[in-house]
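Okay, so here's the structure we're looking at.
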Amino acid sequence: MRRPPTLKTIEIFASVQGEGLRQGEPTVFVRLAGCNRRCGFCDTKKAWRGGRELSVDTIAKEVGRLRRDLPTAWVCLTGGEPLAQNVGPLVRRLHDEGLKVQIETNGTFPPEPGADWLTVSPKPPDFDLHPGFKKRAREVKLVVCRTLDLDDVRTVRAAVPPSVPLILLPQSNAAWSRKKAVKLLEDAGRSGLEGLRLSLQLHKVYGLR
């Protein structure tokens, strides 16, 4: 008998989407294990390794249970790097349940064709982006870390169409990073770059998970 598909999973929880264009919307998060980047500024280092092998059926049932307390049509697959695993069976199962699926990815793996919303956050030092995201990304997030500069912003801006918003996200909402984000936005505008905007990690402002 064929073994049911499984995913190495760190946690499943309900909250609000704290980042990007879907900011503030109730969402169930499925945090998957493993990452090929391991950035020093990462705020979810617990997802770099480990995790429990959970079947797609088990994950879908837990999503359903959480939605009874926080009704939402959205599920976000995050990590770690969710596309390091085969999330296709889970995406299809969630669609069968009438749900929409957002995937947060660093963009180094090919995009999942079934995703309803792809959020891409390229990482230093090279900000690699799989070419498939040029047409599929709904938004791009850049963490305003210590090393981010205007040349990095130019590199990422050139990788996707100008119509795709490029969001400058302060590192852990820190004051130094917010100040740097404002300067990058101003410098980008003066250099002719379009489609940039500022944001914050809203869930941390509200003290949510």
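Please work out the C-alpha center-to-center distance from segment 81-111 to segment 1-72 and express it in whole Å. Spelled out, the Cα-based centre of one part sits 10 Å from the other. Ordered by the number of other Cβ atoms lying within 10 Å of each residue's own Cβ, fewest first, 37, 157, 68, 52 fall into the sequence 68, 52, 37, 157. In the structure shown, the pairs 135/179; 100/135; 46/100; 100/183; 135/204 are assessed against 28 Å; a Cα-Cα span above that value is assigned to 135/179; 100/183; 135/204. Charge tally around residue 151: other residues with Cβ under 13 Å, Lys/Arg +1 each, Asp/Glu -1 each, net -2. Under the combined filter of DSSP loop state and at most 15 neighbouring Cβ atoms within 10 Å, segment 139-194 retains these GluC sites (Glu not before Pro): 194.
Ordering 170, 79, 120 by the projection of their Cα atoms onto the charge dipole of segment 78-192, which places +1 on the Cβ of Lys and Arg and -1 on the Cβ of Asp and Glu, puts 170 at the extreme positive end. The residue 39 and residue 100 beta-carbon pair, evaluated with R₀ = 30 Å, returns a calculated FRET efficiency of approximately 0.60. Tell me which label goes with the value of Rg/Rh (Cα atoms, Kirkwood Rh) computed from the coordinates here: (i) 1.02; (ii) 0.94; (iii) 0.97. Step by step, Rg/Rh (Cα atoms, Kirkwood Rh) for this structure corresponds to label (iii).
Site pair residue 2 and residue 68 shows an inter-label distance of 3.1 nm when each label is modelled 7 Å from Cα along Cα→Cβ.
All of the numbers you see were taken from the coordinates with simple rules; none came from a lab. In this text, all values refer to a predicted model and were calculated from it rather than measured experimentally. Positions of Cβ are generated from backbone atoms using ideal geometry, with glycine treated the same way; all protein chains shown enter the neighbour counts.
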